[in-house]
Amino acid sequence: MFNSFKNILGTLYSNFKKSIGFLKNIQSLDQATLNQLEKTLLEADIGIETTRLIIKDLTTLPPQTSGEELARHMNAILEKILTQENYIPSDQIFLLVGINGSGKTTTAGKLAHYYRSLGKKVLLVAGDTFRAAATEQLNQWAQKTGADIVMGKENQDPASVIYVGCQEYLAKAYDILIIDTAGRLQTKVNLMKELEKIKRIIQQQLPDKKLSTLLVVDGILGQNSLIQAQLFHESTPLDGVVLTKMDGSAKGGIIFSITSLLHIPIAYISYGEKLEHLEPFNAHAFVESLLAD
């Protein structure tokens, strides 16, 4: 799994590796090199604040630092950023949150497949009752993966559907509960209040179970994903992030800002449409794919 993940990332980040390839040819560390490196990091969506922190760290290196040594030092810095917060999976209950179009429903299906492949008994809950297509899509994922599903009626109170899902989870002794949610209500305030209500229902019904609240973000959106993470984290503390749509055009550098500025770990990465195209995040493989030849 590690090697396949690394190979996938290597393909996705081929453009970044080309941009940073100049490091191999430098013989010493000067301001021009740092400026070029700063530009490359910003173009990879790593963000201004996080890029400044990285460059500040690199300025402590001696002028005689070679390109190879600089690359190794960068590798260590980037991996340290991603491992300062580590995701600990619940292996029990997953609450997926995020804006419409981020890939929540697809992520729910892929997570179901991942745990079904481990021999787990999985229950999906279609908590996005405001978008009929979301319920139908999740039902299709349930059929593909062999997971069971709880669905409500269109425009039904999502909390009531999730209440039934929690009861079903307990009554039939499921191993994994995966809850999809709406990404948009009338206002942002309404959305956040709805998520808070849903979380209370889960905690009341399943007080002894570990709940992981995962924010699903579109890897193409760059710095907008950081803003999303801030808003959701303020309303309903997040346990991790799922980075989706990593299919070539996504730069993915935003994960460094999410981790370093908000202290939220990356949980999973999704990179295609197939069931198996979701992997637990591996910081070492991710950074190695950015800087490897």
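Things worth noting here:
- Ligands, DNA and RNA excluded, the heavy atoms of Lys199 present near 30 Å² of accessible surface to a 1.4 Å solvent probe.
- Accessible solvent surface per residue of the chain, calculated while the other protein chains remain in place, 1.4 angstrom probe, Å²: 45
- Exposure ranking of Met192, Met246 by accessible area [1.4 Å probe, largest first]: Met192, Met246
- Rounded to the nearest 10 degrees, the angle from helix 188-205 to the longest Cα principal axis of the chain is 60 degrees.
- Among Asp57, Asp128, the order of accessible area from largest down is Asp57, Asp128, computed with a 1.4 Å probe on protein heavy atoms.
- Using a probe of 1.4 Å on the protein chains alone, the accessible area found for Val164 is around 80 Å².
- Stokes-Einstein D for the chain, Kirkwood Rh over Cα pairs, 10 °C, 1.306 mPa s (µm²/s): 80
- Across Glu79, Glu273, the residue with the most accessible area heads the list, and the full order at a 1.4 Å probe is Glu273, Glu79.
- A Förster radius of 25 Å combined with the Cβ-Cβ distance from Gln205 to Glu49 puts the calculated FRET efficiency at roughly 0.05.
- Ellipticity estimate at 222 nm from DSSP helix runs (n ≥ 4, -39,500 (n - 2.57)) divided over the chain, nearest 500: -16000 deg cm²/dmol
- Cα-Cα over 26 Å, subset of Lys197/Lys245; Lys209/Lys274; Lys121/Lys209; Lys104/Lys188; Lys110/Lys209; Lys120/Lys274: Lys197/Lys245; Lys209/Lys274
- Computing Rg and the Kirkwood Rh from the Cα coordinates of the stretch 74-162 gives a ratio, Rg/Rh, of 1.08.
- Tilt relative to the chain, helix 31-43 - C-alpha long axis, 0 to 90 degrees, to 10: 20
- Extension gain, Leu261 to Gln31, is 80.2 nm, computed as 0.36 nm per intervening residue step minus the present C-alpha separation.
- Relative to the longest principal axis of the Cα atoms of the chain, the long axis of helix 2-12 lies at roughly 70 degrees.
The values are calculated or read from the model by the stated rules, or taken from the named source; none is laboratory data. These numbers come from a predicted model, not from an experiment. Every residue, glycine as well, gets a Cβ built from its backbone with ideal geometry; the counts of neighbours run over all protein chains shown. In case anyone asks, the SASA skips ligands and DNA or RNA and just uses the protein heavy atoms, side chains included. Shrake-Rupley method; radii C 1.70, N 1.55, O 1.52, S 1.80 Å.
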